[in-house]
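Participant: One structure, pasted below without further comment.
The values are calculated or read from the model by the stated rules, or taken from the named source; none is laboratory data. Values in this document were obtained by computation on a predicted structure and should not be read as measured data. Cβ placement follows ideal geometry from the backbone for every residue including glycine, while neighbour counts extend to all protein chains displayed.
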Amino acid sequence: MKVLVIGGAGYIGSHVVKALLEANASVTVYDDLSTGHKINLFAKAAFVEGSILDYGRLEQTMRQGFDAVVHLAAKKAVGESMENPELYAENNLIGMVNILNAMSKSGCKVLVFSSSAAVYGMPEYLPVDENHPLNPINFYGFTKLESERLMAWYDRLKGIKYTALRYFNAAGYDPDGAVKGRDSKPQNLLPIVKEVVDGQRECLLIFGNDYDTRDGTCVRDYVHVSDLAAAHVLAIRRLLEGRPSAVYNLGTSNGVTVKEVVAAAEKVTGKPLPVRYVDRRPGDPAVLVASSKKAETELGWKPRYMRIEDIVKTEL
Ligand code: UDP
(Lines give C-alpha, C1' and ligand atoms only; values in the text may rest on other atoms or scores of the structure.)
Protein backbone atom coordinates (compact mmCIF):
# COMPACT_ATOMS: atom_id res chain seq x y z
CA MET A 1 0.00 0.00 0.00
CA LYS A 2 1.05 3.55 -0.79
CA VAL A 3 0.61 5.97 2.12
CA LEU A 4 1.08 9.73 2.41
CA VAL A 5 1.98 10.72 5.98
CA ILE A 6 1.33 14.41 6.50
CA GLY A 7 3.33 15.53 9.53
CA GLY A 8 5.56 12.47 9.21
CA ALA A 9 8.63 14.26 10.61
CA GLY A 10 6.92 15.04 13.91
CA TYR A 11 6.84 13.14 17.17
CA ILE A 12 3.99 10.74 16.51
CA GLY A 13 4.29 10.99 12.70
CA SER A 14 7.83 9.63 12.60
CA HIS A 15 6.76 6.64 14.70
CA VAL A 16 3.85 6.06 12.31
CA VAL A 17 6.26 6.15 9.34
CA LYS A 18 8.46 3.56 11.04
CA ALA A 19 5.48 1.27 11.72
CA LEU A 20 4.27 1.62 8.11
CA LEU A 21 7.72 0.84 6.68
CA GLU A 22 7.90 -2.22 8.93
CA ALA A 23 4.51 -3.25 7.50
CA ASN A 24 6.09 -2.97 4.01
CA ALA A 25 4.12 0.10 2.97
CA SER A 26 5.51 2.56 0.49
CA VAL A 27 5.62 5.85 2.38
CA THR A 28 5.84 9.50 1.39
CA VAL A 29 6.23 12.10 4.14
CA TYR A 30 4.74 15.58 3.62
CA ASP A 31 5.95 17.99 6.30
CA ASP A 32 6.86 21.69 6.51
CA LEU A 33 9.49 20.98 9.21
CA SER A 34 8.02 23.76 11.36
CA THR A 35 8.11 21.51 14.41
CA GLY A 36 9.20 18.23 12.82
CA HIS A 37 12.85 17.31 12.35
CA LYS A 38 14.87 16.27 9.31
CA ILE A 39 16.64 13.65 11.45
CA ASN A 40 13.25 11.99 11.97
CA LEU A 41 12.98 11.22 8.25
CA PHE A 42 13.61 7.63 7.20
CA ALA A 43 15.81 6.93 4.19
CA LYS A 44 13.24 4.43 2.90
CA ALA A 45 10.46 7.05 2.82
CA ALA A 46 10.16 9.75 0.16
CA PHE A 47 9.98 13.32 1.42
CA VAL A 48 8.10 16.36 0.16
CA GLU A 49 8.71 19.57 2.07
CA GLY A 50 5.44 21.44 2.13
CA SER A 51 2.79 23.00 4.29
CA ILE A 52 -0.84 21.95 4.59
CA LEU A 53 -1.62 25.63 4.02
CA ASP A 54 -0.04 25.37 0.54
CA TYR A 55 -3.05 23.89 -1.23
CA GLY A 56 -1.38 23.69 -4.64
CA ARG A 57 1.56 21.66 -3.38
CA LEU A 58 -0.71 19.42 -1.35
CA GLU A 59 -2.98 18.61 -4.29
CA GLN A 60 -0.01 18.14 -6.61
CA THR A 61 1.54 15.68 -4.12
CA MET A 62 -1.70 13.76 -3.68
CA ARG A 63 -1.99 13.40 -7.45
CA GLN A 64 0.91 10.92 -7.22
CA GLY A 65 -1.85 8.55 -6.11
CA PHE A 66 -2.06 7.17 -2.56
CA ASP A 67 -4.14 4.38 -1.09
CA ALA A 68 -4.34 6.24 2.20
CA VAL A 69 -3.43 9.52 3.87
CA VAL A 70 -2.47 9.92 7.54
CA HIS A 71 -2.84 13.47 8.89
CA LEU A 72 -0.72 14.35 11.93
CA ALA A 73 0.22 17.89 10.95
CA ALA A 74 -1.92 19.90 13.37
CA LYS A 75 -0.62 22.24 16.04
CA LYS A 76 -0.87 20.62 19.47
CA ALA A 77 -0.11 22.98 22.36
CA VAL A 78 -3.25 23.52 24.43
CA GLY A 79 -2.06 26.73 26.13
CA GLU A 80 -0.88 28.27 22.87
CA SER A 81 -4.26 27.52 21.25
CA MET A 82 -5.98 29.69 23.88
CA GLU A 83 -3.51 32.56 23.44
CA ASN A 84 -3.29 32.39 19.66
CA PRO A 85 -6.53 30.90 18.31
CA GLU A 86 -5.86 32.46 14.88
CA LEU A 87 -2.83 30.21 14.45
CA TYR A 88 -4.84 27.13 15.43
CA ALA A 89 -7.84 28.08 13.26
CA GLU A 90 -5.52 28.49 10.28
CA ASN A 91 -3.34 25.41 10.75
CA ASN A 92 -5.83 22.97 12.19
CA LEU A 93 -9.08 23.99 10.48
CA ILE A 94 -7.98 25.46 7.13
CA GLY A 95 -5.27 22.78 7.00
CA MET A 96 -7.91 20.07 7.43
CA VAL A 97 -10.15 21.61 4.75
CA ASN A 98 -7.17 21.71 2.37
CA ILE A 99 -6.36 18.05 3.01
CA LEU A 100 -9.96 16.96 2.44
CA ASN A 101 -10.29 19.06 -0.73
CA ALA A 102 -6.99 17.75 -2.09
CA MET A 103 -8.13 14.18 -1.36
CA SER A 104 -11.43 14.84 -3.03
CA LYS A 105 -9.78 16.32 -6.15
CA SER A 106 -7.13 13.60 -6.40
CA GLY A 107 -9.47 10.69 -5.69
CA CYS A 108 -7.82 9.46 -2.49
CA LYS A 109 -10.51 7.83 -0.35
CA VAL A 110 -8.94 6.82 2.97
CA LEU A 111 -7.88 9.16 5.79
CA VAL A 112 -6.55 8.39 9.27
CA PHE A 113 -6.56 11.44 11.52
CA SER A 114 -4.77 12.07 14.79
CA SER A 115 -7.48 13.33 17.11
CA SER A 116 -7.33 13.75 20.84
CA ALA A 117 -9.01 13.07 24.17
CA ALA A 118 -9.31 16.89 24.27
CA VAL A 119 -12.54 16.53 22.23
CA TYR A 120 -14.28 15.28 25.41
CA GLY A 121 -13.43 18.15 27.75
CA MET A 122 -13.99 17.56 31.47
CA PRO A 123 -14.84 13.87 31.97
CA GLU A 124 -18.41 13.27 33.11
CA TYR A 125 -17.71 9.60 33.82
CA LEU A 126 -14.72 7.26 33.78
CA PRO A 127 -13.26 5.54 31.92
CA VAL A 128 -14.11 7.81 28.99
CA ASP A 129 -15.49 5.87 26.04
CA GLU A 130 -16.36 7.08 22.54
CA ASN A 131 -19.99 7.80 23.55
CA HIS A 132 -18.92 10.36 26.13
CA PRO A 133 -20.31 13.87 25.42
CA LEU A 134 -18.05 16.05 23.26
CA ASN A 135 -17.43 19.35 25.07
CA PRO A 136 -13.88 20.61 24.44
CA ILE A 137 -12.74 23.19 26.99
CA ASN A 138 -9.83 24.56 24.96
CA PHE A 139 -9.49 25.82 21.40
CA TYR A 140 -7.12 22.99 20.48
CA GLY A 141 -9.78 20.40 21.41
CA PHE A 142 -12.36 22.41 19.46
CA THR A 143 -10.20 22.25 16.30
CA LYS A 144 -9.87 18.46 16.69
CA LEU A 145 -13.62 18.04 17.09
CA GLU A 146 -14.41 20.29 14.12
CA SER A 147 -11.91 18.33 12.05
CA GLU A 148 -13.76 15.13 12.93
CA ARG A 149 -17.04 16.75 11.91
CA LEU A 150 -15.56 17.92 8.59
CA MET A 151 -14.41 14.37 7.89
CA ALA A 152 -17.91 13.05 8.62
CA TRP A 153 -19.37 15.42 5.98
CA TYR A 154 -16.74 14.51 3.38
CA ASP A 155 -17.54 10.87 4.04
CA ARG A 156 -21.25 11.52 3.39
CA LEU A 157 -20.75 13.81 0.41
CA LYS A 158 -17.52 12.61 -1.20
CA GLY A 159 -17.14 9.01 0.03
CA ILE A 160 -13.86 9.68 1.86
CA LYS A 161 -13.60 7.06 4.60
CA TYR A 162 -11.89 8.16 7.79
CA THR A 163 -10.75 6.96 11.17
CA ALA A 164 -10.21 9.46 13.96
CA LEU A 165 -7.81 8.17 16.61
CA ARG A 166 -8.37 9.98 19.88
CA TYR A 167 -5.04 9.73 21.65
CA PHE A 168 -4.87 10.02 25.41
CA ASN A 169 -1.39 10.94 26.76
CA ALA A 170 1.12 9.98 24.07
CA ALA A 171 4.46 9.17 25.68
CA GLY A 172 7.80 7.45 25.15
CA TYR A 173 10.07 7.06 22.12
CA ASP A 174 10.92 4.33 19.68
CA PRO A 175 12.68 1.58 21.69
CA ASP A 176 15.15 1.01 18.80
CA GLY A 177 16.20 4.66 19.01
CA ALA A 178 15.21 5.34 15.39
CA VAL A 179 13.42 8.60 16.25
CA LYS A 180 15.90 11.16 17.54
CA GLY A 181 14.28 14.57 17.10
CA ARG A 182 12.81 15.97 20.28
CA ASP A 183 10.19 18.68 20.54
CA SER A 184 11.69 22.03 21.38
CA LYS A 185 10.05 23.89 24.30
CA PRO A 186 8.01 20.85 25.33
CA GLN A 187 4.84 21.41 27.33
CA ASN A 188 3.99 17.81 28.19
CA LEU A 189 5.01 15.97 31.31
CA LEU A 190 7.33 13.27 29.97
CA PRO A 191 9.49 15.49 27.70
CA ILE A 192 9.80 17.95 30.59
CA VAL A 193 10.90 15.14 32.93
CA LYS A 194 13.49 14.23 30.28
CA GLU A 195 14.81 17.82 30.27
CA VAL A 196 15.13 17.76 34.06
CA VAL A 197 16.99 14.44 33.90
CA ASP A 198 19.33 15.90 31.24
CA GLY A 199 20.01 18.98 33.36
CA GLN A 200 18.35 21.35 30.87
CA ARG A 201 15.81 22.35 33.51
CA GLU A 202 16.28 22.77 37.23
CA CYS A 203 13.18 20.97 38.37
CA LEU A 204 9.77 19.68 37.40
CA LEU A 205 6.90 21.91 38.46
CA ILE A 206 4.03 19.69 39.56
CA PHE A 207 0.73 21.42 38.90
CA GLY A 208 -1.26 20.78 42.07
CA ASN A 209 -1.09 18.14 44.81
CA ASP A 210 -4.54 18.71 46.32
CA TYR A 211 -6.62 16.77 43.81
CA ASP A 212 -9.00 14.08 44.99
CA THR A 213 -6.74 11.26 43.78
CA ARG A 214 -4.67 8.60 45.58
CA ASP A 215 -1.67 10.92 46.09
CA GLY A 216 -3.19 14.34 45.34
CA THR A 217 -1.68 14.67 41.84
CA CYS A 218 -3.53 14.28 38.53
CA VAL A 219 -4.16 10.87 37.00
CA ARG A 220 -3.61 10.38 33.27
CA ASP A 221 -3.58 7.52 30.80
CA TYR A 222 -0.09 7.38 29.25
CA VAL A 223 0.07 5.36 26.06
CA HIS A 224 3.30 4.49 24.28
CA VAL A 225 3.84 6.22 20.94
CA SER A 226 4.84 2.92 19.24
CA ASP A 227 1.49 1.47 20.33
CA LEU A 228 -0.24 4.54 18.90
CA ALA A 229 1.71 4.08 15.66
CA ALA A 230 0.60 0.45 15.39
CA ALA A 231 -3.04 1.58 15.61
CA HIS A 232 -2.60 3.73 12.48
CA VAL A 233 -1.47 0.72 10.46
CA LEU A 234 -4.48 -1.28 11.69
CA ALA A 235 -6.85 1.63 10.97
CA ILE A 236 -5.58 1.99 7.38
CA ARG A 237 -5.93 -1.74 6.75
CA ARG A 238 -9.45 -1.77 8.15
CA LEU A 239 -10.58 1.09 5.92
CA LEU A 240 -8.90 -0.43 2.86
CA GLU A 241 -10.89 -3.61 3.55
CA GLY A 242 -13.99 -1.48 3.02
CA ARG A 243 -15.12 -1.04 6.61
CA PRO A 244 -16.97 2.15 7.55
CA SER A 245 -15.53 5.32 9.06
CA ALA A 246 -14.96 5.16 12.80
CA VAL A 247 -13.64 6.90 15.89
CA TYR A 248 -11.45 5.16 18.47
CA ASN A 249 -9.94 6.06 21.82
CA LEU A 250 -6.34 5.00 22.26
CA GLY A 251 -5.15 4.59 25.83
CA THR A 252 -4.09 1.80 28.15
CA SER A 253 -6.95 2.31 30.64
CA ASN A 254 -4.30 2.46 33.40
CA GLY A 255 -4.47 5.64 35.43
CA VAL A 256 -1.07 6.93 36.56
CA THR A 257 -0.45 9.96 38.83
CA VAL A 258 2.19 12.63 38.24
CA LYS A 259 4.01 11.41 41.35
CA GLU A 260 4.03 7.88 39.97
CA VAL A 261 5.59 9.19 36.75
CA VAL A 262 8.27 10.90 38.86
CA ALA A 263 8.86 7.68 40.84
CA ALA A 264 9.18 5.72 37.58
CA ALA A 265 11.75 8.23 36.26
CA GLU A 266 13.72 7.98 39.51
CA LYS A 267 13.72 4.21 39.28
CA VAL A 268 14.92 4.29 35.67
CA THR A 269 17.72 6.82 36.32
CA GLY A 270 18.56 5.72 39.86
CA LYS A 271 18.59 9.39 40.90
CA PRO A 272 16.12 11.65 42.67
CA LEU A 273 14.20 13.96 40.34
CA PRO A 274 13.94 17.51 41.68
CA VAL A 275 10.31 18.65 41.83
CA ARG A 276 8.43 21.67 43.13
CA TYR A 277 4.73 21.82 43.82
CA VAL A 278 2.91 24.79 42.35
CA ASP A 279 -0.72 25.78 41.80
CA ARG A 280 -3.08 23.72 39.70
CA ARG A 281 -3.00 24.38 35.97
CA PRO A 282 -6.36 25.76 34.80
CA GLY A 283 -8.44 23.26 32.82
CA ASP A 284 -6.72 20.12 34.16
CA PRO A 285 -9.21 17.39 35.11
CA ALA A 286 -8.23 15.38 38.20
CA VAL A 287 -8.52 12.09 36.35
CA LEU A 288 -8.60 11.25 32.64
CA VAL A 289 -8.55 7.59 31.68
CA ALA A 290 -9.68 5.96 28.44
CA SER A 291 -11.76 2.98 27.65
CA SER A 292 -10.13 1.57 24.50
CA LYS A 293 -12.39 -1.47 24.27
CA LYS A 294 -13.73 -0.37 20.89
CA ALA A 295 -10.22 -0.17 19.38
CA GLU A 296 -9.41 -3.57 20.87
CA THR A 297 -12.57 -5.17 19.48
CA GLU A 298 -12.81 -3.51 16.06
CA LEU A 299 -9.18 -2.78 15.22
CA GLY A 300 -7.63 -5.70 17.07
CA TRP A 301 -5.37 -3.16 18.80
CA LYS A 302 -3.65 -4.08 22.05
CA PRO A 303 -1.05 -1.82 23.64
CA ARG A 304 2.21 -3.62 24.41
CA TYR A 305 3.44 -1.07 26.93
CA MET A 306 1.22 -1.31 29.99
CA ARG A 307 3.63 -0.25 32.78
CA ILE A 308 4.58 3.40 33.19
CA GLU A 309 8.15 2.42 34.01
CA ASP A 310 8.52 0.70 30.63
CA ILE A 311 7.14 3.78 28.87
CA VAL A 312 9.34 6.21 30.84
CA LYS A 313 12.43 4.07 30.11
CA THR A 314 12.01 4.70 26.37
CA GLU A 315 11.56 8.44 26.93
CA LEU A 316 14.73 8.93 28.96
N1 UDP B 1 2.10 18.29 34.50
C2 UDP B 1 2.84 18.80 35.55
N3 UDP B 1 3.93 19.58 35.25
C4 UDP B 1 4.30 19.87 33.97
C5 UDP B 1 3.55 19.33 32.90
C6 UDP B 1 2.46 18.54 33.20
O7 UDP B 1 2.54 18.58 36.71
O8 UDP B 1 5.28 20.62 33.78
C9 UDP B 1 0.94 17.44 34.78
C10 UDP B 1 -0.39 17.99 34.27
O11 UDP B 1 -0.99 18.80 35.25
C12 UDP B 1 -1.18 16.72 34.00
C13 UDP B 1 -0.12 15.70 33.62
O14 UDP B 1 1.13 16.22 34.10
O15 UDP B 1 -1.79 16.27 35.18
C16 UDP B 1 -0.01 15.49 32.12
O17 UDP B 1 0.07 16.75 31.50
P18 UDP B 1 0.40 16.93 29.97
O19 UDP B 1 0.49 18.41 29.70
O20 UDP B 1 1.57 16.09 29.61
O21 UDP B 1 -0.85 16.30 29.21
P22 UDP B 1 -2.43 16.62 29.33
O23 UDP B 1 -2.97 15.62 30.29
O24 UDP B 1 -2.61 18.02 29.75
O25 UDP B 1 -2.91 16.36 27.95
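Participant: Considering only the range 152-166, I want to know if a residue exists there that is crowded, with 17+ Cβ neighbours inside 10 Å and within 16 Å of the ligand (Cβ to nearest atom).
Facilitator: Yes, the range 152-166 contains a residue that is crowded, with 17+ Cβ neighbours inside 10 Å and within 16 Å of the ligand (Cβ to nearest atom).
Participant: Could you grab the pairs with beta carbons closer than 9 Å, sequence gap of 6+ or different chains, first residue in the range 219-240 and more than 21 Å from Gly10 (Cβ to Cβ), second one more than 16 Å from the ligand (Cβ to nearest atom) and assigned to a helix (DSSP H, G or I)?
Facilitator: Close Cβ pairs satisfying both conditions: Arg237/Leu299; Arg238/Glu298; Arg238/Leu299.
Participant: Only one of (1) buried (at least 21 other Cβ atoms within 10 Å of the Cβ); (2) in a loop (DSSP other than H, G, I, E, B) is not met by Phe42, so which one is it?
Facilitator: Checking Phe42 against (1) buried (at least 21 other Cβ atoms within 10 Å of the Cβ); (2) in a loop (DSSP other than H, G, I, E, B), the one that fails is (1).
Participant: Out of all the residues in the range 14-25, is one or more closer than 18 Å to Val233 by Cα and in contact with a Gly (Cβ under 6 Å, 6 or more places away or on another chain)?
Facilitator: Yes: the range 14-25 contains one or more residues that are closer than 18 Å to Val233 by Cα and in contact with a Gly (Cβ under 6 Å, 6 or more places away or on another chain).
Participant: Can you tell me which of (1) crowded, with 19+ Cβ neighbours inside 10 Å; (2) closer than 28 Å to Ala230 by Cβ; (3) hydrophobic (A, V, I, L, M, F, W, C) is the one Leu134 doesn't meet?
Facilitator: (1)
Participant: Restricting attention to the range 167-208, and to residues there that are within 16 Å of Gly7 (Cβ to Cβ) and crowded, with 21+ Cβ neighbours inside 10 Å, which single residue is modelled with the lowest pLDDT?
Facilitator: Val179
Participant: Moving on to the next point. Return the pair list, or none, for Cβ contacts closer than 7 Å from residues in the range 60-85 that are without any contact (Cβ under 8 Å) to a residue 60 or more places away in the chain to residues that are among the aromatic types (Phe, Trp, Tyr) and not in a loop (DSSP other than H, G, I, E, B), at least 6 apart or on different chains.
Facilitator: Every condition considered, the pairs that remain are Thr61/Tyr30; Met82/Phe139; Pro85/Phe139.
Participant: Collect the residues in the range 167-181 that are within 16 Å of the ligand (Cβ to nearest atom) and not hydroxyl-bearing (Ser, Thr, Tyr), keeping them in residue-number order.
Facilitator: Once the filter is applied, which keeps residues that are within 16 Å of the ligand (Cβ to nearest atom) and not hydroxyl-bearing (Ser, Thr, Tyr), the range 167-181 yields Phe168, Asn169, Ala170, Ala171, Gly172.
Participant: Answer yes or no as to whether Val193 is more than 28 Å from Leu21 (Cβ to Cβ), within 15 Å of the ligand (Cβ to nearest atom) and out of contact with any strand residue (DSSP E or B) (no Cβ under 9 Å at 6 or more places or on another chain).
Facilitator: Taking the combined requirement at face value, the residue does not satisfy it.
Participant: If you take the residues in the range 215-236 that are under 20 Å from Asp176 (Cα atoms) and of a type in the set (Ser, Thr, Tyr), which one is nearest to the ligand (Cβ to nearest atom)?
Facilitator: Once the filter is applied, the top-ranked residue is Tyr222.
Participant: Please return the ranges of helices (runs of 4 or more DSSP H) entirely within the range 77-130 where 1 or more residues are crowded, with 23+ Cβ neighbours inside 10 Å and among the β-branched types (Val, Ile, Thr).
Facilitator: 95-106
Participant: Let me ask another. So which residues in the range 64-97 are at pLDDT 95 or above and among the acidic types (Asp, Glu)?
Facilitator: Once the filter is applied, which keeps residues that are at pLDDT 95 or above and among the acidic types (Asp, Glu), the range 64-97 yields Asp67, Glu86, Glu90.
Participant: Turning to a different aspect of this structure: Quick check on the range 237-284: of everything there that is within 16 Å of the ligand (Cβ to nearest atom) and β-branched (Val, Ile, Thr), which residue is nearest to Ser114 (Cα to Cα)?
Facilitator: Thr252
Participant: Kindly check whether there is at least one residue in the range 17-29 that is in contact with a strand residue (DSSP E or B) (Cβ under 6 Å, 6 or more places away or on another chain), assigned to a loop (DSSP other than H, G, I, E, B) and buried (at least 18 other Cβ atoms within 10 Å of the Cβ).
Facilitator: Within the range 17-29, one or more residues are in contact with a strand residue (DSSP E or B) (Cβ under 6 Å, 6 or more places away or on another chain), assigned to a loop (DSSP other than H, G, I, E, B) and buried (at least 18 other Cβ atoms within 10 Å of the Cβ).
Participant: Cβ-Cβ under 7 Å, sequence separation 6+ or interchain: first residue in the range 142-155 and under 15 Å from Gly121 (Cβ atoms), partner among the aromatic types (Phe, Trp, Tyr) and modelled with pLDDT of 95 or more. Which pairs?
Facilitator: Listed pairs, sorted by first residue: Thr143/Tyr88.
Participant: Which residues, taken from the range 196-205, are in contact with a strand residue (DSSP E or B) (Cβ under 9 Å, 6 or more places away or on another chain) and in a helix (DSSP H, G or I)?
Facilitator: Val196
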